[in-house]
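Input: a single structure, listed below in structure tokens.
The values are calculated or read from the model by the stated rules, or taken from the named source; none is laboratory data. Since the structure is predicted, the reported quantities are computational estimates derived from the model, not experimental observations. With ideal geometry, Cβ positions are generated from the backbone for all residues, glycine too; neighbour counts draw on all protein chains shown. Keep in mind that these areas ignore ligands, DNA and RNA; they rest on the heavy atoms of the full protein, side chains included. Shrake-Rupley method; radii C 1.70, N 1.55, O 1.52, S 1.80 Å.
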Amino acid sequence: MAGGRIGTTHQETIITALRKTLTAAAVVTAVLAGAAACGTVEQLSAGQKLDQAFERIGEKRSLSLEIDLDTDAETLKALDAASDPAPGEEIPDEAAKLLSDAVITFTVESKKPFAEADENDFTGMAMKVSTSDGDLAEYRVVGDYTYFRSDFETLSEAMGIPMPPADELPPEAAPLKKVIEGEWVKVDTKELEKAGTGAADDEGSPAAEPSLDAKTQKKLLNGLREVVSREVDLKTAGEKDGTEHITATAPFRTLLTELLDEIRPLSKDLPPGMVLPTAKDLKDAPNAEVTADFALKNGELTEVNVDLAALAEDTEVKKLGLVLRMSEGSRPTAPSGATELDMGALMEGFAGMAMGGADFSEEGFPGEEFPEDGFDFEELPEDETV
């Protein structure tokens, strides 16, 4: 950690994830709706309903998104084995169980409707990773602080990374004791900002992300609509317990390849680090039909369930899906009893733990590097403790 810049802020991560998730979902829905207009009466009706459902999301000021990999550990182990991993690189049983059971929840609140909001309008946000056995990791951005806690013991076991007991930490790593014990800690948001000063320009402002102008966006949207109109089959799938279902079905490799062909000429305008897969990368991807089920209750989108089992090809799977659930969000609040940590001491603690024998120098967190974009925090109003 001492040799790299700390990654993007938790706040920026959740803002960007929310904004891009909603934007992508809105684009997909606009594509589906526009493509459906050229199709059957059933497609037109289904496309319009999806379009209206996403418009309602844009009118909200608070939202909770829950992401769940709908599968089991046996399926993940079977898929891993089918990928022919090198000896010693097989997915551990603990990691497969954790991934199959994990649920990621994003919660965000804004002063303005999401369709009109930008980063300055968000007043609170949080992310939590949990399983049926409890919470694995959580952070909240409230007021002047970022709060976080994690179950280091469970995570280290699942990842196969040894973690020393808190009472065996070297003196240099003493500030990490509360972190390893899984208690709430907090760091000053402005201190985190300073940790990412290398990402700012000469005036001290974060560099602007590349963006597409309105004319280019329209051209891209029309191209995506043409692809979807050829490849995606939209259908109303009936109603159950007051919830209406709309399905979208398409051949996976064909659809993905053609959509990326439309986007590729604009790759220079995509955010830094976003690399599109090439046609060669997709050559061996399965072309089985994949179906996304959109659940609407009283006209509002409540769940999207993507059935990925067909992509497993010859591997026997019980179930393999990705589920996104949406609900009203509650305002994140500052947890009581959090221990404040100094950012400098925290960094020295990680360095001290590595030098003290924790196996992070070469094998810890393999293949992961902190992004170079740094931190970019906005101030948020302090909330009441819980």
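For this structure, a couple of remarks:
- Matching strands (runs of 3 or more DSSP E) fully within the range 230-313 where at least 2 residues are at pLDDT 85 or above and open to solvent by 50 Å² or more (accessible area, probe 1.4 Å): 233-240, 289-297, 300-307
- Hey, ALA174 at pLDDT below 80, outside any loop (DSSP other than H, G, I, E, B) and open to solvent by less than 70 Å² (accessible area, probe 1.4 Å) or not: yes
- Qualifying residue in the range 122-132 (condition: charged (D, E, K, R) and outside any strand (DSSP E or B)): no
- Extreme residue, farthest from PRO335 (Cα to Cα), among residues of the range 96-121 that are touching a helix residue (DSSP H, G or I) at 6+ places or on another chain (Cβ under 7 Å) and part of a strand (DSSP E or B): SER110
- Options GLU89, GLU66, GLU59: the member that is modelled with pLDDT of 75 or more, surrounded by fewer than 14 Cβ atoms within 10 Å (Cβ to Cβ) and closer than 28 Å to MET127 by Cβ: GLU59
- Looking only at the range 112-129, and only at residues there that are in contact (Cβ under 8 Å) with a residue 40 or more places away in the chain and under 18 Å from THR189 (Cβ atoms), the one that is surrounded by the most Cβ atoms within 10 Å (Cβ to Cβ): MET125
- Checked against the criteria, LEU50 does not count as at pLDDT 90 or above and closer than 22 Å to LEU322 by Cβ.
- None of ALA351, ALA358, ALA334 is open to solvent by less than 80 Å² (accessible area, probe 1.4 Å) and at pLDDT 70 or above except ALA334.
- Taking (1) open to solvent by less than 30 Å² (accessible area, probe 1.4 Å); (2) at pLDDT below 90; (3) farther than 25 Å from VAL185 by Cβ in turn, VAL142 satisfies each apart from (3).
- The range 325-340 residues that are of a type in the set (D, E, K, R), paired with ones that are assigned to a loop (DSSP other than H, G, I, E, B) (beta carbon under 7 Å, 6 or more apart): ARG331/ASP383
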